[in-house]
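This report refers to the structure that appears directly beneath it.
The values are calculated or read from the model by the stated rules, or taken from the named source; none is laboratory data. All of these numbers come straight from a predicted model, not from anything done at the bench. Positions of Cβ are generated from backbone atoms using ideal geometry, with glycine treated the same way; all protein chains shown enter the neighbour counts.
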Amino acid sequence: MRTFELFIQNEKLTAADWQKFVANITTYDKKITLEMVIDLNTVSLYLYTQKDLSLLATGLESFLLKPSNRQLIGNLVAYKKLQLKVVI
């Protein structure tokens, strides 16, 4: 399995940006896993795929993929749709 850290290049992303990203990635690999790690002051995104997406690393609008050595851990909770609302 190949792992890529996902970096967001824009200050604001829309649902259309995410849909375009998923459409581009799933052109190469239909079965992907996107992991979101929420830490104290950071949110990290990791993309797991069976195929090497290195050629797409800089070719994705609004996103950048960087190869990573992170391993997918077991017992992940999968959601097709997830909403997060923080009230301060």
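Observations
- Test: residue in region 56-73 that is modelled with pLDDT under 90, over 26 Å from GLU11 (Cα atoms) and of a type in the set (Gly, Ala, Ser): no
Here's the yes/no breakdown for (1) touching a Gly at 6+ places or on another chain (Cβ under 6 Å); (2) part of a strand (DSSP E or B); (3) within 22 Å of MET1 (Cα to Cα):
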residue: ILE25; (1), (2), (3): no, no, yes
residue: LEU40; (1), (2), (3): no, no, no
residue: SER44; (1), (2), (3): no, yes, yes
residue: GLU61; (1), (2), (3): no, no, no
residue: LYS66; (1), (2), (3): no, yes, yes
